[in-house]
1. Checking Ala337 against (1) within 20 Å of Asp225 (Cβ to Cβ); (2) without any contact (Cβ under 8 Å) to a residue 60 or more places away in the chain; (3) of a type in the set (Gly, Ala, Ser), only one condition comes out false. Which one?
2. Is at least one residue of region 211-228 under 17 Å from Asp119 (Cβ atoms), surrounded by fewer than 17 Cβ atoms within 10 Å (Cβ to Cβ) and either touching a His at 6+ places or on another chain (Cβ under 7 Å) or in the same structural domain as Leu144 (by TED's automatic domain parsing) (or both)?
3. Among (1) under 27 Å from Trp290 (Cα atoms); (2) outside any helix (DSSP H, G or I), where does Lys127 come up short?
4. Out of all the residues in region 150-172, which are of a type in the set (A, V, I, L, M) and not in a loop (DSSP other than H, G, I, E, B)?
5. In region 144-189, how many are at positive phi and surrounded by fewer than 16 Cβ atoms within 10 Å (Cβ to Cβ)?
6. Confirm whether Val280 is aliphatic (A, V, I, L, M), in a helix (DSSP H, G or I) and within 30 Å of Ile164 (Cβ to Cβ).
Amino acid sequence: MLMNGPYINNFSRYYYIATYCMQEGGAILFSTKGKRFFVISLVFLVIIYSVLSNPQVTNAQLILYFLNINNEDPSMLVGTSETVRMFSTCLCSKNEHNKGNDDTDLKVRQWIAGVIDGDGNFYISKKGYVELSVVMEPRDIASLYKIKQRYGGSVKATSHAKAIRFRLHHMAGIQQVIKDVNGLIQNPVRLLQFKKVCNLYNVETIPSVELKYGSAYLSGLFDTDGSVYFNKQSMQVFITVTQKGRELLDILVPVYGGVVRSSNKNTTAFKWTVSKKMDVLNLIDNYFHWNNCVSAKNKKFGLVKQFYYLSSIGALKAQEDSVLGRSFISFVKRWEATNNLDN
């Protein structure tokens, strides 16, 4: 994976180039720093030799190449060695790819849209005042403070003290929310509320963008309405998101897999569920690893693989007073500890 961020000095540029060549060439299986340094140095020398051995390469071209590798136009390297042009083209295309996918602010806005779609609510008073509120469990208060840090507002316990509420009603904060999540809201119920707010502020509502796998939206939705739990009898782990309606959950299926079913025969709630071991691990390793949740639920992901391991060695069905049985009891205590308010 290429290094991100600005280069500190020329040496870091050279290290960047050599590391890229190693990665793209598959030479990354070196266990010691000494071996890795030797190979990086060797690749770097090959690059330098390729440049200097070509009489058509001028000193100016060499200097421009190394000092402007981020902004280098491959067409400016006409007359240089084929090796340098190849590396420049690859690095430029790779950097352009990273610029489009390394937008931290976009990730934050996607996450906020997911939180609002899950447990948020836009309310317009009779006097025309707009309020955004998000209500979550006390253990997930970190999510609300992350939103407060961006927009202001307040975070307080509800009257019955069984939940925590974020409230935002000053105009500047509401306008920033509109700017941030416009086009990112997916929940039909929340989108209807959002359109009314946009109309009040004379802002055009952007159609909802198609949900992509790498979007941080799911992590925000999961922070509010998601859960991870296991069933000892079936020896399965379940990753779920629950909603009153199924419209939003149906959007998740073609992107992340899983199924949508009625949550309870006596209610109108619906639940999106991923339960196959391969699908659960894929979500944890390939999605939530890169789109971390803020709530305490994130801590359960680190225990899922241990559950599967204990299941594979028979610990779930072992006698409680046996070594394997006690190991599973210890695991359950750690799992339940993630529900504590202090975690």
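The values are calculated or read from the model by the stated rules, or taken from the named source; none is laboratory data. On a predicted model such as this, the values are computed, not experimentally measured, just so you know. So basically every Cβ, Gly included, is an ideal-geometry build from the backbone, and we count neighbours across all protein chains shown.
1. Checking Ala337 against (1) within 20 Å of Asp225 (Cβ to Cβ); (2) without any contact (Cβ under 8 Å) to a residue 60 or more places away in the chain; (3) of a type in the set (Gly, Ala, Ser), the one that fails is (1).
2. Narrowing region 211-228 to residues under 17 Å from Asp119 (Cβ atoms): 216-227.
Filter once more, keeping what is surrounded by fewer than 17 Cβ atoms within 10 Å (Cβ to Cβ): 227.
Narrowing the set further to residues that are either touching a His at 6+ places or on another chain (Cβ under 7 Å) or in the same structural domain as Leu144 (by TED's automatic domain parsing) (or both) leaves none.
No, region 211-228 has no match at all.
3. If we test Lys127 against (1) under 27 Å from Trp290 (Cα atoms); (2) outside any helix (DSSP H, G or I), just (1) comes out false.
4. Step one: list which residues in region 150-172 are of a type in the set (A, V, I, L, M), which gives 155, 157, 161, 163-164, 168, 171-172.
Those that are of a type in the set (A, V, I, L, M) and not in a loop (DSSP other than H, G, I, E, B): Val155, Ala157, Ile164, Leu168, Met171, Ala172.
5. 3
6. Details: aliphatic (A, V, I, L, M): yes; in a helix (DSSP H, G or I): yes; within 30 Å of Ile164 (Cβ to Cβ): yes.
When the stated conditions are applied, Val280 passes them.
Okay, residues lined up against (1) within 22 Å of the chain's Cα centre (by Cα); (2) in a helix (DSSP H, G or I); (3) without any contact (Cβ under 8 Å) to a residue 40 or more places away in the chain:
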position	(1), (2), (3)
Ser143	yes, yes, no
Ile174	no, yes, no
Leu191	no, yes, yes
Asn199	no, yes, yes
